[in-house]
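S.K.: My structure is below; once you've seen it, I'll send some questions.
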Amino acid sequence: MTAAPLVSVIIPTYNRRALLQEAIESVLAQTLGDFEVVVVNDAGSDARPAVDAFRDPRLVYLEHTVNQGQPAARNTALRAARGRYIAYLDDDDRYLPQHFETLVGALQRTGKAVAYSDCVSVAFLPTEQGFQETKRENVFHQEATREKLLIDNVFPPLVMMHERACLDKTGLFDPDLRGHEDWDLTIRLALHYEFEHIHEVTAEYRDFTNNTRTIWHAQFLRMFQIVHPRYLRYASDPHAAEKQRTTRTNCAKWSAHQIRTMNAEQLRALPTAAPSWIEQIVRRSIDLGDDYLAEVTDMFQRVSLVHPHSPELKRAAALIERRELW
């Protein structure tokens, strides 16, 4: 057994071999080289050749025989991790070369257990020549106070690094949260530790479909229903519950507007979970007034053409008809 590395990088992957290679390349390009990379294939197509092609002993490849979801894949990697510090990277994102050096330096300089940096969001669209970058913006640069995290997610997990020992207090990812489980863990970290924010872009959060932001917000609406009540008792802000409701409402509005403007091809590309998201959007939106209800109804009718037999959409139709308050 070799000496434990300073940093363990957690990479769950599922059927994105080419992007996984780009993610690994960004790790191997780090200016700080004392790390291991733990890749967990969540029962997708064989990704071992993509990992073995690098011929780097710092790469560890594990597999699930049954698909268990991203939280479980991350937990498998965390149980195998040996580093003092834990970093996270999805298989479609990238680190900039100074990422480890910046975050490790901040943790060691301040003595804090958790640090996070800024990252840019980069959007791509598929073309005949491959994916083409269409937009780049620095949207992840907010201060992640505990009170703010109890209302909304502030940053994606790829900008965060923490001591592995933190997980002894917080526990691992909640395997029942299929999507945005990182926000749940980040809240638990914030309940125990003070974060250090480095105001420097060290990573790229990459979006390879023009539906991703819509899916992201629609999934968040479901997550809000779970996470908000779970941690509300820890809020010191007397207006926290009201702010949580406002966040859910704004999320529903944004999602409804985006889905309403999709073309037929984009609607067909929505995941199979889309009807349940639509039902949540309708439930959140039913009491927002006639003008907005008309927009939600139009959104609902467009999705119904693609999923005509969905029981979730039938329930949403009944809600719209009765205009029940949620």
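The values are calculated or read from the model by the stated rules, or taken from the named source; none is laboratory data. Computed from a predicted model, the values in this text were never measured in an experiment. Here the Cβ positions follow ideal geometry from the backbone for every residue, glycine too, while neighbour counts run over all protein chains shown.
S.K.: Of all residues being within 17 Å of Arg164 (Cβ to Cβ) and of a type outside the set (Lys, Arg) in region 178-193, which is surrounded by the most Cβ atoms within 10 Å (Cβ to Cβ)? Just the residue, please.
M.R.: Residue satisfying both the conditions and the ranking: Thr186.
S.K.: If you scan region 115-130, which residues turn out to be surrounded by fewer than 22 Cβ atoms within 10 Å (Cβ to Cβ) and under 16 Å from His141 (Cα atoms)? Step through it out loud before you land on a result.
M.R.: Here is the first cut: in region 115-130, the ones surrounded by fewer than 22 Cβ atoms within 10 Å (Cβ to Cβ) are 118, 120-130.
Asp118, Val120, Ser121, Val122, listed by residue number.
S.K.: Being surrounded by fewer than 20 Cβ atoms within 10 Å (Cβ to Cβ) and touching a Gly at 6+ places or on another chain (Cβ under 9 Å), is that true of even one residue in region 159-175?
M.R.: Taking region 159-175 as the starting set, the residues that turn out to be surrounded by fewer than 20 Cβ atoms within 10 Å (Cβ to Cβ) are 163-172, 174-175.
Add one more test, that the residue is touching a Gly at 6+ places or on another chain (Cβ under 9 Å), and what stays is 164, 175.
Yes: region 159-175 contains one or more residues that are surrounded by fewer than 20 Cβ atoms within 10 Å (Cβ to Cβ) and touching a Gly at 6+ places or on another chain (Cβ under 9 Å).
S.K.: Quick one: in region 159-188, of everything that is acidic (Asp, Glu) and out of contact with any Asp or Glu (no Cβ under 8 Å at 6 or more places or on another chain), which residue is nearest to Leu107 (Cα to Cα)?
M.R.: Applying the filter and picking the extreme gives Glu163.
S.K.: Of all the residues that make up region 85-98, how many are closer than 20 Å to Ala4 by Cβ and either more than 15 Å from the chain's Cα centre (by Cα) or part of a helix (DSSP H, G or I) (or both)?
M.R.: So the first thing to find is which residues in region 85-98 are closer than 20 Å to Ala4 by Cβ, and the list is 85-89.
When the remaining residues are screened for being either more than 15 Å from the chain's Cα centre (by Cα) or part of a helix (DSSP H, G or I) (or both), the result is 85-86.
Number satisfying all stated conditions: 2.
S.K.: Return the residues of region 112-138 that are at pLDDT 85 or above, outside any loop (DSSP other than H, G, I, E, B) and out of contact with any helix residue (DSSP H, G or I) (no Cβ under 7 Å at 6 or more places or on another chain); say none if nothing qualifies.
M.R.: Passing the criteria: Val120, Ser121, Val122.
S.K.: Among the residues of region 206-218, what is the count of those that are crowded, with 21+ Cβ neighbours inside 10 Å and at pLDDT 65 or above?
M.R.: The total comes to 1.
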